[in-house]
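These notes concern the structure reproduced below.
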Amino acid sequence: MPFISFLHRHRRKFATAIGVAVTSYYAYRQVKLKFFEIGSQLSANLTSRENLRRRFEKNQQDAVFTVAALLSSMTDPIVCELPVEEVTDELQSKRGPLSQSSNAPSQSGDDTNAETTSIASSSTITIIDVDTESQQPKRTKKKLWNDLKIMAITRAVSLVYAIALLIFFTRLQLNMLGRQNYVKSVKAMTESYDQGASEDQVIQNEVNRRFLTFSWWLLTRGWVRIVSNVREATEMVFESVTPRTELGFGDLGGRIKRVRELVDAKNKNYLEILLPTSKEGEDFVLSNNPCSEQEFQSSPIREQSIAPLLRALLDESTDLIESPNAKGVISGLVTEGLKLLLNSLQIKYFFLVYERAQDEHDSQQKVVEFEEEKKVRLANILAGITQQSHEMVVVNENANPYLSAMNCLPELTNFSAIVYSNFASDWKSMTD
């Protein structure tokens, strides 16, 4: 048969063609499968990254709410330790009859605009009191004014440092625990249910709660050292400044900067402010733990499991607090707070507001200009400093510009991301 003879003559060609076709088909299928596999993997990676991003952002929001919840516990003791308002009331009570009723031109000519709150309410009284020192016990009056000066400045600067450290430490703790929870969720998806998982979860929850308890150290012990350091620096820098001393904005900013330099020189390591550095201190913190027996039934076996996990968290916290990144973040938070304080004082006391027309045909327009050479008595500036201290202790972040500014610091977000993304140690500890 001619056809069979044709096939026989070209059998190798046909075999090669069939082989190529079969190989191409299987190659196509493999490429297709590989393509779908890569697509699925990319989709899973995108989903995982999106999930990680959402978890990280939620963690930062939780940190903001936690700071707001703890703020009054941090700031109330500082305000009580530095009772500026009590000293102000005592000064007002020492006004003599002449100082209450006198409106002499020499007194009204002083630029001491009356304020309605705290120290501000005694702006004109400031000059009257100083001018009538002969009618009052001089040492007592000078002591009160000196206390008022030191307390007002110390309180404002101390609050900036305290809020900065509270924000930093809260972010550190919650990002470490948030990272652990994320690693555990990923690990749970790759493993079958384990009957021991429930007990492990109970132990981990107790570890987390005890770790969070260590914020108690900053709230009850750390702030004392902050106030002590700031007070000492303030006394050194403002010792020669009296309530009647006139300060320009540059001089005021320079003195605040000098106070910060002295404080930072003492706080080269914030570890002792944020955490106890001895076993006795750690035991003391845990002994003040408000946990009840109904919440967690302790046992020797459970305690043996908790101790190394808690130790690992505390050791990592110590390493992170002592790292250069942490020092940079804390410095940035303090800078942001003091900058906001000085900007508020600059706007309140060192800007000139007046109306001016561009030409004779234009209407009058309000003009605001910074007067570089303008000087203001310290007594007036103390009123503004006290007012800013009141704003720092407002719990609502939307009404507290200091919380808002510090929480949005880019260096803080970057540091939080570094802490949150350090999965290696957690993954290793869970797979051991």
Q. In what sequence, largest accessible area first, do Ile385, Ile4 appear using a 1.4 Å probe?
A. Ile4, Ile385
Q: On the full set of protein chains, 1.4 Å probe, figure out the accessible area of Phe56 and give it in Å² to the nearest 10.
A: 40
(Q) Sort Lys348, Lys268 by heavy-atom solvent-accessible area, probe 1.4 angstrom, most to least. (A) Lys268, Lys348
Q: List the lysines whose Cα lies under 23 Å from the Cα of Lys143, skipping any in the same chain that are fewer than 8 positions away.
A: Lys94
Q. Largest first, how would Tyr25, Tyr182 line up by accessible area (1.4 Å probe)?
A. Tyr25, Tyr182
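The values are calculated or read from the model by the stated rules, or taken from the named source; none is laboratory data. Note that the structure is a prediction, hence the values are computed from the model and not measured. Ligands, DNA and RNA are excluded from the accessible area calculation, which covers all protein heavy atoms including side chains. Shrake-Rupley method; radii C 1.70, N 1.55, O 1.52, S 1.80 Å.
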